[in-house]
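**Q** Sharing a structure with you now.
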Amino acid sequence: IKELVFDDAILSTPCEAATAEELVAQDLIDTLASIEGAACLAANQIGVTKALCVYLDESDKPHAIYNPKIMLGLAAFKTEEGCLTRPEDQLSKVTRYATELAFDELVNGELKHRKRDFAGWEAQMIQHMVDHCKGKLV
């Protein structure tokens, strides 16, 4: 379990590509599990500027995504969201989309390229984490 980073200099730094050798995914999963009510976490939120994130699906199963890239956004919706590494009372108004995401998944020690569509809450979390990977703060 790692400490969350609140330093804007780290959080606003665009992340480098993650490799299969990154040993960060389990740290992200463990840290996410330790935070009540948390649903997603990007590597830079624990001080590692690699494009790697984890999120919990509807069954609370963790998923690690490496090098996420939004390929397409449809069906825009406006929402407010907070962030684990921003002040608790600070909500941001954002526009999110149903999303086609290209990403890498670690399978048997190798990164495999994937594409998947996300909608609703999962799409919102994915876009929030992609923003983190780009160094964009809500």
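No value in this document is a laboratory result; all are computed from the given coordinates. Given the structure is predicted, the values throughout are model-derived calculations rather than measurements. Cβ: placed from backbone, ideal geometry, glycine included. Neighbour counts: every protein chain shown.
**Q** Loop only by DSSP, 16 or fewer other Cβ within 10 Å of the Cβ. Give me the GluC sites (Glu not before Pro) in the range 46-138 that pass, ordered by residue number.
**A** Qualifying residues, ordered by number: GLU58, GLU88.
**Q** Can you list the lysines whose alpha carbon sits under 16 Å from that of LYS136, skipping same-chain ones fewer than 8 residues off?
**A** Those lysines meeting the cut-off are LYS50, LYS69, LYS93.
**Q** Among ALA20, THR79, VAL54, whose Cα projects farthest towards the positive end of the dipole of the chain, with charges put on the beta-carbon of Lys, Arg (+1) and Asp, Glu (-1)?
**A** With unit charges placed on the Cβ atoms, the residue in question is THR79.
**Q** Assuming R0 = 41 Å, can you tell me the calculated FRET efficiency for the pair GLU110 and GLU36, based on Cβ-Cβ distance, to the nearest 0.05?
**A** So the FRET efficiency works out to roughly 0.75.
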